[in-house]
Amino acid sequence: MGVAGGPNIERDGLVFGYDTGYSSEGKNLSRGRYFNGPASTNILEVLNPTYTNSQNANFYAVSGEEEVFIPSIGKRSVKYVEYFNNRYDENGNVNSGTTCCPNLFYYHSGHIDAEASTTYTYSIIYKHTNNYTHPNFMYRYERTSDNTYIKEGGLHSTASDRRTPLGNGWYHAWGSFTTTATTARFYCYSFLYNYGTTKHKFYVAAISLVKNVSGDTHFIIPPHLMLEPNTSISSTNSLIDLTKSTTIDVSNVSFDSDGSPTFDGTDDYINLNSIAPLIAGGDFSLEAVIKGPTQDHKGIIPINTSTGGNRALFLIRNASMGIYDGGTWYIGNIDVDDNNWHHVTLSYTRSTRNAVIYVDGEVSLNTTTGNTITVASDDRISIGQEWDGASTSDHFNGKIPIAKIYNRALTAQEVQQNYKAYKNRFNI
């Protein structure tokens with residue numbers, strides 16, 4: 001597929017756009033450099049091996065760093081501990097110099113601040129050369145503010161909904177837990193229990209602990225987007241404009257458990273007011289890939305006046321509902337309220353008052369409007385919200401993983417080109 005956004009999309013006249021990397025399979029593994037994931041902070045403090053060079057007759061643990069290739073991620077310099085732990089002799093007695101369960105890695109320098117009664121997702125990218133697994137790969141202790149012990153537990157699982165194989169022995173695993181009403185601190189480690197005299201390597205490429213959003217059971221960060229300890233993604237740098245000229249604030253958007261932005265039909269939208277001057281007084285095109293019901297007057301990329309009226313309300317709607325109202329609403333002839341993926345485009349030529357709507361690369365509506373639409377510099381443009389100047393604004397219900405705005409009217413050939421760039425990815 002290449003870089004999110006695609007090498008084949010039309011870029012001439014593109015003044016704004018985003019591509020979350022979402023696909024019809026519901027995964028964000030392709031989102032690359034354009035979508036860093038929703039706002040989050042990896043509250044873990046360090047990724048450090050506990051043992052540097054510990055050796056005796058029954059226990060060996062030597063740490064190091066190695067450049068490796070991790071499928072779907074690429075080359076990375078990762079930390080490892082090569083070890084064995086000959087815990088018991090032939091009679092079942094504990095050998096001297098061993099440990100029950102060495103914590104080969106630790107993820108804090110002092111302690112990690114936690115929030116009470118809050119759900120977190122703990123994630124790891126790892127490899128064990130003997131394919132050993134244990135829940136304690138992602139282990140945490142919970143304590144109060146005065147360091148009183150509360151509880152502890154490991155989260156790693158080999159279940160398919162908790163672990164994904166990346167290839168070449170590497171795995172991405174995650175699990176969630178909810179803190180108690182008095183939890184104020186975490187202490188986080190990777191403990192290993194396997195015993196014997198054969199040396200194995202336990203690699204950890206990334207580890208994260210993030211607070212969940214919108215009550216999701218899991219807030220799964222794709223492996224190539226796993227943050228370094230003590231780093232954050234803000235609501236204004238999570239989604240990156242394709243033109244690299246506009247800051248996108250996604251603080252008013254919801255996210256599903258895969259970290260993909262969604263529009264819930266009640267209050268989700270992306271504010272694009274800064275884009276209006278870029279298309280003011282001229283031709284423009286609006287484009288999106290959508291899934292979900294439009295629910296009558298719930299626009300995809302509406303352009304509203306500064307007082308709440310409509311200049312261009314980009315909807316795809318059943319033909320029986322009419323094609324435009326007062327020359328300002330552009331409504332397509334194809335009903336896409338079918339919960340399938342669709343590529344939709346509005347191309348408007350101001351001099352001829354010509355509005356053309358395309359659905360999945362084909363013309364849905366071609367009409368000359370009653371009035372000339374002139375976008376003003378102070379108009380309000382949003383994704384997913386028809387703003388009426390009051391608190392009763394209508395909102396789109398579904399997904400808009402791709403949205404673009406051009407300062408010119410796209411031709412039929414260019415719309416086809418953009419459609420073909422997305423059709424296989426979304427199984428349109």
Q.
Condition check: touching a Pro at 6+ places or on another chain (Cβ under 7 Å), crowded, with 18+ Cβ neighbours inside 10 Å and of a type in the set (S, T, N, Q). Does Ser382 satisfy that?
A. yes
Q. For the range 46-56, how many residues meet the condition of being in contact (Cβ under 8 Å) with a residue 40 or more places away in the chain and either under 18 Å from Phe191 (Cβ atoms) or not assigned by TED's automatic domain parsing to the domain that holds Pro223 (or both)?
A. 6
Q) Does Thr158 meet the test of being outside any strand (DSSP E or B) and closer than 30 Å to Tyr88 by Cα? A) yes
Q) Is at least one residue of the range 89-100 among the β-branched types (Val, Ile, Thr) and at pLDDT below 90? A) no
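The values are calculated or read from the model by the stated rules, or taken from the named source; none is laboratory data. Quick caveat: nothing in here was measured; it's all calculated off a predicted structure. We place every Cβ from the backbone using ideal geometry, glycine too, and count neighbours over all the protein chains shown.
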